[in-house]
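Engineer: If you scroll down you'll find the structure; I have some questions about it.
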Amino acid sequence: MLSAPATRASADATSSEFAYEALAHGISTCRLRPGTPIRERSDAARLGMSRTPFREALHRLELEGLVVRRPKRGTSVAPLDAEDIREHMVLREAVEVTMAQRLIAGGVPDLSLVEETLAEQRQAMGANEVVDFLEADEGFHLLLVQLAGNSAAVETARRAWLHVNRARYLVPLGAAAMATALSDHEDILRALRAGDVDGVRWAIRRHLEEPLDNLLTELRGRHPEAFST
């Protein structure tokens, strides 16, 4: 279902930006699954806008590799590509490690907001609310980047998440995977508080790299239709 995320759509956003946010959110959370057709007229009307700004948003998403346009076949959500997901995970890792090191070098700030995301994850895990867990998971990582005070890094991380999240939302996490992710986050936070540069680097890399191949293998087994041929 196509809708704009309330937390990311501001009142003064342009129609094109609003459409981009709505589409990007739908694609990254798999509300719009790989291969889903996007119909300019009806989807633009659903968002209360004309086709021109909606088309501008589609062009931006096409440049980012999230939608594809084919002659006589229209526009659809791009299929998954394992290499694309790996490349964006590498980008995420580089940004997060660098920003974590910057946090330590500058003196670790108040991390209470980060602690709140861990509490949200614990609550979601206890209630087996996978989507809530994933949203809090993303919030944990983006907060760490934001606290480093580099707006370009935040935007880079957000864009990388759009690609990586498509795989994460398509195969829901089980209880064991949620527990492992939460434990990894606690290790990252512990290393940050201790000012342990090597420890935080290792914790982030282990957290991001180790589950990826298993996730892609499971995805191919359960949703082969979602991948490009």
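Computed from the coordinates by the stated procedures, all read-outs in this text should not be read as laboratory data. For clarity, every value in this text was computed on a predicted model and none was experimentally measured.
Engineer: Can you list the residues, at least 5 places off or on another chain, whose amide H is less than 5 Å from the amide H of residue 227, using H built in the peptide plane?
Structural biologist: HN-HN under 5 Å from residue 227: 80.
Engineer: Quick one: Cα convex hull volume of the range 84-160, Å³ per residue? Show your work: numbers first, answer last.
Structural biologist: Details: hull volume 6.5 nm³, N = 77.
Value for the range 84-160: 85 Å³ per residue.
Engineer: Next up: Once the Cα gyration tensor of the chain is diagonalised, what are the square roots of 5 times its eigenvalues, in whole Å and ordered largest first, as equivalent ellipsoid semi-axes?
Structural biologist: Working: eigenvalues 197, 82, 52 Å².
Semi-axes (√(5λ), whole Å): 31, 20, 16.
Engineer: Relative to the longest principal axis of the chain, what angle (0 to 90°, nearest 10) does the C-alpha long axis of helix 197-222 take?
Structural biologist: In the chain, helix 197-222 runs at an angle near 40 degrees to the longest axis.
Engineer: With the Cα gyration tensor of the range 15-77 in hand, convert its eigenvalues to equivalent ellipsoid semi-axes via √(5λ) and list them largest first in whole Å.
Structural biologist: Working: eigenvalues 48, 36, 24 Å².
Output for the range 15-77: semi-axes of 16, 13, 11 Å.
Engineer: Between residue 67 and residues 5 or more places away or on another chain, which pairs have amide H atoms under 5 Å apart, with H built 1.01 Å from N, and which residues are they?
Structural biologist: 62, 78
Engineer: At a threshold of 8 angstrom on Cα-Cα distance, excluding pairs fewer than six apart, so keeping six or more, what relative contact order does the range 82-226 reach in percent? Before the final figure, lay out each step's value.
Structural biologist: Details: 136 pairs, mean separation 49.8, N = 145.
RCO, the range 82-226: 34 percent.
Engineer: Here's a follow-up. Report, to two decimal places, the Cα Rg of the range 16-129 normalised by 2.2 N^0.38 Å (N = number of residues).
Structural biologist: 1.40
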